[in-house]
Amino acid sequence: MSDTIKKIGVMTGGGDCPGLNPVIRAVVRTAVLKYGLEVVGFKHGYNGLYHNNVIPLDLDAVSGILPIGGTILNSSNKDNLFQYPFEENGKTVYRDVSDVGVENIKKNGIDAMIIIGGDGTLTSGRDFARKGVKVVGVPKTIDNDLACTDYTFGFDTAVSVASETLDRLHTTAASHNRIMVLEVMGRYAGWIALAAGIAGGADAIMIPELPYDINKIAQALIARKEKGRKFSIVVVAEGAKSITGEMHVNKVIADSPDPIRLGGIGTKVAEELEALVGLESRATILGHIQRGGTPTARDRILSTRYGSEAVELVMAGKFGNMVTLKGDDMSYESLEDVIGKNKGVDPHCEMVQVAKGIGICFGDE
């Protein structure tokens, strides 16, 4: 155990996610109750690190936050201190201001940083580790697409929300003999669509990893109609792509480190299926509802394990690593090996084969 660690800094970056507050709570309670450490948090992610917006995190500060969604530290997904935007003469220029962040960490007497975030946030975490900051990362994304860990917190909550939505869509679909298309998040990975589609009894699932032929989806729904099942449920991941490789980009945000915003494919699919199948179709875009609200029990437990293990890595001096879940065990991997690797659905995995076995169409065959 390290006897040089007296004070830990915590921050959350990227999109909000159910389970962030339980992670913060676990970090604080483990650090304070088990090791007698002081904990502080930077508000609004790397923006707070740059502006030195820091608050104390004691037991009172984290009391009652276990069931609350979002993050008490707030978050930002636009502040990369290694490429920070400034306005000069009416133009946006980018500078590396990471030394300001390093100086603020030193100024506050912080011995180690626990950085909670997805690929973008942890990329900067790795870069700060390269500059000598003692960093431990905690993986966060509802998309479940971070490499080297089996599950990320927030995923189970997102799937639960999507599954409940599908339950509700079933009743209105059956009442009106409609095709109901549900678009879910996931970026370039189809984990949410796959899991929610199985749990919610979907008739078709469209994911990025299995490019779809809309005609094959339509044929499957026509076959249902001919058997007297005059409604269908379709789940489509926002990053699903057709056999031509086309993805539906909603907009591009120039000042964001991750400028491409997917979305809207659900409406496109509903319009195409209505024309091909001959049934009235409606699209529901679940959007940020998947990110909000109370985390499930599974996510609360997983978040607590991640937060507690992050402190253990700090005290063991295992810096430059990200906490991981491998099977039933908490472990860790180097941030160098995690960054930039998207963990998509294996098209041949057991879950896909189960879905196909029970008659769910992916439009690929």
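Points to keep in mind about this one:
- By the helix-only formula, in which each DSSP H run with n ≥ 4 contributes -39500 (n - 2.57) and the sum is divided by residues, the chain has a 222 nm mean residue ellipticity of -10500 deg cm²/dmol.
- Accessible area per residue for the chain is 42 Å², calculated with a 1.4 Å probe on protein heavy atoms, without ligands, DNA or RNA.
- Cα-based helix-to-principal-axis angle, 265-277 vs the chain, degrees rounded to 10: 10 degrees
- Table column - 3J(HN,Hα) (Hz), region 300-315, Karplus curve with 6.51, -1.76, 1.60, x for Gly and Pro: 5, 5, 4, 4, 4, 5, 4, x, 5, 5, 4, 5, 4, 5, 4, 5
- Ligands, DNA and RNA left out, the accessible area of region 319-365 computed with a 1.4 Å probe is 48% carbon and sulfur.
- Residues with amide H under 5 Å from that of residue 151, placed H, sequence gap 5 or more: 325
- Counted by Cβ distance under 13 Å from residue 232, the other residues give a net charge of +3, where Lys and Arg count +1 and Asp and Glu count -1.
- Residue 39 long-range amide H proximity, modeled H, under 5 Å: 8, 57
- Label zone at residue 351 (point 7 Å along Cα-to-Cβ), backbone N below 16 Å, region 157-177: 157-164
- Net charge dipole size for the chain [Lys, Arg +1 and Asp, Glu -1 on Cβ; Debye, nearest 20]: 480 debye
- Modelled label positions at residue 246 and residue 83, each set 7 Å beyond Cα in the direction of Cβ, lie 2.9 nm from each other.
- Candidates 205, 114, 72, ranked by Gaussian network fluctuation over the chain, Cα under 10 Å, top entry: 72
- In sequence order, calculated HN-Hα J values of region 93-106 (Karplus, 6.51, -1.76, 1.60; Hz; x Gly/Pro): 10, 10, 9, 7, 10, 4, 4, 5, x, 4, 5, 5, 4, 5
- Between amide H atoms placed 1.01 Å from N, distances below 5 Å from residue 190 occur with 209, 345, all of them 5 or more places distant or on a separate chain.
- Solvent-accessible surface (1.4 angstrom probe) belonging to residue 167, in square angstrom, nearest 10: 90 Å²
- Between the Cα long axis of helix 155-176 and the first principal axis of the chain there is an angle of about 20°, rounded to the nearest 10.
- Annotation: lysines with alpha-carbon distance below 18 angstrom to residue 356 (same-chain offsets under eight excluded): 216.
- Since only 75, 137, 358 are under comparison, the one whose Cα sits farthest along the positive direction of the charge dipole of the chain, derived from C-beta charges on Lys, Arg, Asp and Glu, is 75.
- Principal semi-axes in Å for region 1-77 [√(5λ), Cα gyration tensor, largest first]: 20, 16, 10
- Accessible surface for residue 267 stands near 60 Å², nearest 10, in the context of the full protein assembly shown (1.4 Å probe).
- Between 197, 90, 101, the residue with the greatest mean-square fluctuation in the GNM of the chain (Cα pairs under 10 Å linked by springs) is 90.
- Full extension of the chain between residue 131 and residue 337 gives 72.4 nm of extra length, using 0.36 nm per residue less the Cα-Cα distance.
- Region 38-111 - charge dipole about Cα centre, Lys and Arg +1 at Cβ, Asp and Glu -1, debye rounded to 20: 220 debye
- The apolar share of the surface of region 20-134, taken as the fraction of accessible area on carbon and sulfur atoms (1.4 Å probe, ligands and nucleic acids excluded), comes to 46 percent.
- Working from Cα pairs under 8 Å separated by at least six residues, relative contact order for the chain is 22 percent.
- Residue-count net charge about residue 216 - beta-carbon cut-off 13 Å; Lys, Arg +1, Asp, Glu -1: -4
- For region 40-127, the relative contact order is 26 percent, taking Cα pairs closer than 8 Å that sit 6 or more residues apart in sequence and dividing their mean separation by the residue count.
- Only Lys, Arg (+1) and Asp, Glu (-1) charged, at Cβ; region 98-158 dipole about Cα centre in debye: 400 debye
- Average Cα contact separation per residue, region 1-59, under 8 Å, 6 or more apart, as relative contact order %: 38 percent
- Net charge of Cβ neighbours under 15 Å - reference residue 144; Lys, Arg +1; Asp, Glu -1: -2
- Listed residues 176, 348, 288, most fluctuating in the chain (Gaussian network, C-alpha, under 10 Å): 348
- Cleavage-rule hits, trypsin sites (Lys or Arg not before Pro), region 190-232, DSSP coil, Cβ neighbours within 10 Å at most 10: 227
- For the pair residue 230 and residue 168, a Förster radius of 22 Å applied to the C-beta separation gives a FRET efficiency near 0.75, rounded to the nearest 0.05.
The values are calculated or read from the model by the stated rules, or taken from the named source; none is laboratory data. Here the structure is a predicted model, which means the values were calculated and not measured. Counting neighbours? That spans all protein chains shown, and the Cβs are built from the backbone with ideal geometry, glycine included. To get the accessible areas, we keep the full protein, side chains included, count just its heavy atoms, and leave off ligands, DNA and RNA. Shrake-Rupley method; radii C 1.70, N 1.55, O 1.52, S 1.80 Å.
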